[in-house]
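Notes for the one structure printed next.
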Amino acid sequence: DVKVTQSSRYLVKRTGEKVFLECVQDMDHENMFWYRQDPGLGLRLIYFSYDVKMKEKGDIPEGYSVSREKKERFSLILESASTNQTSMYLCASSLWAAAYEQYFGPGTRLTVT
Amino acid sequence: AQTVTQSQPEMSVQEAETVTLSCTYDTSESDYYLFWYKQPPSRQMILVIRQEAYKQQNATENRFSVNFQKAAKSFSLKISDSQLGDAAMYFCAQGGSSNTGKLIFGQGTTLQVKP
């Protein structure tokens with residue numbers, strides 16, 4: 001069975017902290033994605049990776065960075081957390097092409113105080 | 001720029017009735033794919049149905065079907081015989097062949113199913 005896991009369901013951090021969100025998939029997928037989900041805005045792509053050590057900016061990359069050292073793991077890093085980064089973060093993975101569905105993790109609800 | 005628009009933030013349906021969720025999109029791609037995803041409360045997002053733009057036939061998955069109008073760039077989801085377990089947020093998404101797997105998502109529609 002396909003599985004995407006995220007390191008935390010809920011996370012509370014202070015302004016200015018460095019925050020790591022981790023995502024692991026067990027399907028040998030080439031693509032991995034980080035989205036941010038906010039009410040009324042749907043899912044917005046932060047970064048995606050199409051191969052190990054390869055990454056591309058999505059629509060809202062400011063304030064975020066990513067790391068993909070192994071195929072199965074994709075990390076989202078908030079270098080200096082701010083209150084406007086309070087949100088639900090979803091990780092997803094897929095095979096290489098747009099025809100293939102994305103499989104999602106359970107999400108991490110991050111609160112920055 | 002590619003956009004996906006869901007103009008209905010909330011919908012409700014009586015159990016066993018039929019409901020249609022709307023979605024419009026804008027793309028310059030000639031070859032693309034459309035998806036409906038379901039996000040139940042506090043649960044993971046899952047794929048409901050997929051449509052290839054080159055196929056004229058509307059996709060169907062059990063009680064879920066789509067009305068794909070390519071010229072109008074419209075992609076609505078019909079849920080027949082609605083069940084309580086259909087209550088969720090539904091997202092429409094579009095992916096193009098040149099985007100290497102990237103999807104553009106709509107704003108989402110929250111569906112309430114009344115017993």
With of a type in the set (A, V, I, L, M, F, W, C), crowded, with 17+ Cβ neighbours inside 10 Å and not in a strand (DSSP E or B) as the only criterion, which of A:Ala92, A:Ala81 stands out? A:Ala81
Which members of the stretch B:42-51 meet the condition of being more than 23 Å from A:Met88 (Cα to Cα) and crowded, with 19+ Cβ neighbours inside 10 Å? B:Ile49, B:Gln51
How many of the residues in the stretch A:20-60 are under 11 Å from the mean Cα position of the chain (by Cα), surrounded by fewer than 18 Cβ atoms within 10 Å (Cβ to Cβ) and more than 8 Å from chain B (Cβ to nearest Cβ)? 2
Residues being part of a loop (DSSP other than H, G, I, E, B) and free of Cβ contacts under 8 Å to residues at least 60 places away in the same chain - total across the stretch A:4-53: 7
Number of positions in the stretch B:67-110 that are over 11 Å from the mean Cα position of the chain (by Cα), more than 14 Å from chain A (Cβ to nearest Cβ) and within 30 Å of B:Glu29 (Cα to Cα): 5
Name every residue in the stretch B:2-22 that is assigned to a loop (DSSP other than H, G, I, E, B) and either among the β-branched types (Val, Ile, Thr) or within 11 Å of chain A (Cβ to nearest Cβ) (or both), in order of residue number. B:Gln2, B:Gln6, B:Pro9, B:Thr18
Surrounded by 16 or more Cβ atoms within 10 Å (Cβ to Cβ), of a type in the set (S, T, N, Q) and modelled with pLDDT under 95: which single residue out of B:Gln56, B:Gln6, B:Gln39, B:Gln2 fits that description? B:Gln2
Strands (runs of 3 or more DSSP E) contained entirely in the stretch B:63-115, each with at least 3 residues that are surrounded by fewer than 21 Cβ atoms within 10 Å (Cβ to Cβ): B:64-69, B:74-79, B:109-114
Quick test of your reading of the structure: A:Ala97 fulfils all but one of (1) within 14 Å of chain B (Cβ to nearest Cβ); (2) of a type in the set (A, V, I, L, M); (3) not in a loop (DSSP other than H, G, I, E, B). Name the failing condition by number. (3)
Kindly evaluate B:Tyr54 against the criterion of being in a strand (DSSP E or B) and not charged (D, E, K, R). no
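The values are calculated or read from the model by the stated rules, or taken from the named source; none is laboratory data. Note that the coordinates shown come from a computational prediction; the quantities given were computed from them, not determined experimentally. Neighbour counts are summed over all protein chains in view; Cβ atoms, including those assigned to glycine, are modelled from backbone coordinates with ideal geometry.
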